[in-house]
Amino acid sequence: MNKTILLSFSALLIGCACAPSQALGGDLPHSDIKIDEHVVFFRSTAWLDDDTQEWRVPIHGWIYEPQDSSARKAMFSTILSEKYGLAADANTEANFTRRINLMLADNERGKQIVVSVAGRNYRLPASAPNGHFETTLNIPGADVEKFADGDLIRFSAVTSARETRTFSGEVRLVKRTGLSIISDIDDTVKISNVTDRKSLLEHTFLLDFAAAPGMAELYSEWSRHDVSLHFVSSSPWQLYAPLQEFLDENDFPWATFSLKAVRFRDETLFDLFKKGTETKPVAIEKILNAYAERKFVLIGDSGEQDPEVYAALLRKHPDKILKVYIRNVTLESADNERFTSVFACTDSNRWRLFDDPATLTLPEFP
């Protein structure tokens with residue numbers, strides 16, 4: 001997103017807590033959720049600690065007050081119109097209203113959510129200024145086996161007797177060994193035209209999200225081989241719900257997300273300007289470290305810095321990362337100077353620039 005637009009947007013408006021969670025017993029309190037507040041839980045994956053036989057179950061969510069400010073929306077509409085000639089019409093107004101309102105949401109800090117997971121209740125850390133709360137629960141393996149639905153653990157917020165809404169989430173249990181896919185979103189599985197600023201804004205705020213041809217079919221086929229899928233993207237967490245709905249509606253397999261945490265009221269706004277070379281390695285390393293015995297395939301596109309990020313990670317983790325696939329959205333050749341330089345000192349069989357996802361295969365491993 002253009003820096004000038006974000007600064008203007010920010011002028012209209014005048015994180016994650018990682019403290020340990022607390023298991024509760026006896027007379028249990030309920031979550032601190034007001035009637036005008038909403039909670040969303042982000043999908044996550046859990047791993048088994050072989051030493052303790054406990055599952056490490058990450059819980060990550062966002063509590064916020066939805067906004068519907070006609071004045072702020074009108075101001076943002078003016079910015080898009082004057083700088084890029086973009087305007088919502090009858091076909092795109094609903095998309096624009098929903099996505100802008102999510103970006104304008106009033107984050108709720110200092111809120112404590114109580115969740116019911118595998119037969120126990122836990123009080124989570126208080127939400128940070130960005131409305132996010134995050135922790136990792138240690139749940140006995142016997143409890144997980146008792147309450148799991150296949151490879152999923154479903155949980156929900158414990159709410160007051162007066163609350164009629166339900167806030168629920170899912171965690172997938174991932175085996176200690178196996179194959180995992182780490183994938184970009186924009187221009188890898190969703191058409192965004194990131195290199196064209198006007199088109200990017202139009203695809204982000206106005207148009208229905210459109211799937212990149214063949215990618216849903218590819219990931220769905222691979223998921224039949226017990227592959228775990230993780231999306232790592234530069235999109236903000238505020239757009240999590242529309243992105244998840246888009247992927248579900250286009251038959252992508254179940255996946256986790258790692259997005260950017262930004263607020264339009266402080267310096268984290270500028271994290272949206274950071275290049276993928278600054279932000280993606282940290283998010284990807286976190287996944288690699290959580291699943292130390294699994295193997296990985298990295299999939300991105302040539303539009304921004306995915307080749308640079310993935311090549312560096314491949315050199316750093318040659319035993320963990322089996323393959324790098326780059327969707328060719330810039331119509332380049334694999335022997336261009338960019339790619340020969342980026343993937344220098346890398347086995348040419350370990351990476352590939354592709355146009356047709358149907359030509360990709362899962363790498364074999366012991």
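The values are calculated or read from the model by the stated rules, or taken from the named source; none is laboratory data. Only a predicted model underlies this, so the values are computations on that prediction, with no experimental measurement involved. Reconstructed Cβ throughout: ideal geometry from the backbone, glycine too, with neighbour counts over all protein chains shown.
Going through 77, 31 one at a time, which residue ends up being at pLDDT 85 or above, closer than 24 Å to residue 161 by Cβ and either in the same structural domain as residue 145 (by TED's automatic domain parsing) or surrounded by 13 or more Cβ atoms within 10 Å (Cβ to Cβ) (or both)? Break it down stepwise before answering.
Numbers: 77 fails: closer than 24 Å to residue 161 by Cβ.
Testing whether each residue is at pLDDT 85 or above, closer than 24 Å to residue 161 by Cβ and either in the same structural domain as residue 145 (by TED's automatic domain parsing) or surrounded by 13 or more Cβ atoms within 10 Å (Cβ to Cβ) (or both) leaves just 31.
Here's the yes/no breakdown for (1) within 19 Å of residue 230 (Cα to Cα); (2) of a type in the set (Val, Ile, Thr):
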position	(1), (2)
298	yes, no
305	yes, no
313	yes, no
316	no, no
322	yes, no
326	yes, yes
337	no, no
342	no, yes
347	no, no
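Residues are listed down the side, and each one gets a yes or a no for (1) closer than 30 Å to residue 104 by Cβ; (2) touching a helix residue (DSSP H, G or I) at 6+ places or on another chain (Cβ under 9 Å); (3) modelled with pLDDT of 90 or more:
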| position | (1), (2), (3) |
| --- | --- |
| 321 | no, yes, yes |
| 324 | no, yes, yes |
| 336 | no, no, yes |
| 339 | no, yes, yes |
| 345 | no, yes, no |
| 348 | no, no, yes |
| 357 | no, yes, yes |
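Return the residues of the range 124-156 that are among the hydrophobic types (A, V, I, L, M, F, W, C), out of contact with any helix residue (DSSP H, G or I) (no Cβ under 8 Å at 6 or more places or on another chain) and not in a loop (DSSP other than H, G, I, E, B); say none if nothing qualifies.
Selection gives 133, 137, 139, 142, 144, 147, 152, 155.
Specify which of the listed residues (206, 173) is under 30 Å from residue 29 (Cβ atoms) and at pLDDT 95 or above. Before you say what the answer is, go through the steps one by one.
Working: 206 fails: under 30 Å from residue 29 (Cβ atoms).
Criteria check complete, one pass: 173.
So how many residues does the range 321-343 have that are assigned to a strand (DSSP E or B) and in contact with a Leu (Cβ under 7 Å, 6 or more places away or on another chain)?
Of the range 321-343, the ones assigned to a strand (DSSP E or B) are 321-327.
Imposing the further condition that a residue be in contact with a Leu (Cβ under 7 Å, 6 or more places away or on another chain) reduces the set to 321, 324-326.
Qualifying residue count, the range 321-343: 4.
Suppose we keep only residues that are in a loop (DSSP other than H, G, I, E, B) and either in the same structural domain as residue 35 (by TED's automatic domain parsing) or of a type in the set (D, E, K, R) (or both) within the range 179-190. Which one would you say is surrounded by the most Cβ atoms within 10 Å (Cβ to Cβ)? Don't jump to the end; show me each part of the working.
At the first step, the residues of the range 179-190 found to be in a loop (DSSP other than H, G, I, E, B) are 184-185, 187-189.
Those still in the list that are either in the same structural domain as residue 35 (by TED's automatic domain parsing) or of a type in the set (D, E, K, R) (or both) too: 184, 187.
Values: 184: 28, 187: 23.
By that ranking, first place goes to 184.
Of 228, 234, 258, which residue is in contact with a Gly (Cβ under 8 Å, 6 or more places away or on another chain) and modelled with pLDDT of 90 or more? Give the steps one after another, and end with the answer.
Details: 234 fails: modelled with pLDDT of 90 or more; 258 fails: in contact with a Gly (Cβ under 8 Å, 6 or more places away or on another chain).
Only one candidate passes the filter, namely 228.
Quickly run through the range 355-366 and pick out the residues that are surrounded by fewer than 15 Cβ atoms within 10 Å (Cβ to Cβ), closer than 22 Å to residue 214 by Cβ and of a type in the set (A, V, I, L, M, F, W, C).
Within the range 355-366, 358 is the sole residue that qualifies.
So residue 170 clears everything in (1) surrounded by fewer than 18 Cβ atoms within 10 Å (Cβ to Cβ); (2) more than 29 Å from residue 34 (Cα to Cα); (3) not aliphatic (A, V, I, L, M) except one condition, right? Which one?
(2)
Identify all residues within the range 101-126 that are surrounded by fewer than 17 Cβ atoms within 10 Å (Cβ to Cβ) and on the phi > 0 side of the Ramachandran plot; write none if there are none.
Hits for the range 101-126 are 110, 119.
Being at pLDDT 60 or above, over 20 Å from the mean Cα position of the chain (by Cα), aromatic (Phe, Trp, Tyr) and not assigned by TED's automatic domain parsing to the domain that holds residue 260 narrows it down to one residue among 47, 55; which is it?
Result of the check over 47, 55: 55.
For the range 213-247, which positions are of a type in the set (Gly, Ala, Ser) and either surrounded by fewer than 17 Cβ atoms within 10 Å (Cβ to Cβ) or in a loop (DSSP other than H, G, I, E, B) (or both)?
Taking the range 213-247 and keeping what is of a type in the set (Gly, Ala, Ser), we get 214, 216, 220, 223, 228, 233-235, 241.
If the condition is that a residue be of a type in the set (Gly, Ala, Ser) and either surrounded by fewer than 17 Cβ atoms within 10 Å (Cβ to Cβ) or in a loop (DSSP other than H, G, I, E, B) (or both), then 214, 220, 223, 241 are the ones that fit.
Among residues belonging to the range 203-212 that are part of a loop (DSSP other than H, G, I, E, B) and touching a Ser or Thr at 6+ places or on another chain (Cβ under 7 Å), point out the one that is surrounded by the most Cβ atoms within 10 Å (Cβ to Cβ).
Keep residues of the range 203-212 that are part of a loop (DSSP other than H, G, I, E, B), which gives 206-210, 212.
Narrowing the set further to residues that are touching a Ser or Thr at 6+ places or on another chain (Cβ under 7 Å) leaves 206-207, 212.
Working: 206: 18, 207: 16, 212: 20.
Among those residues, the one meeting the criterion is 212.
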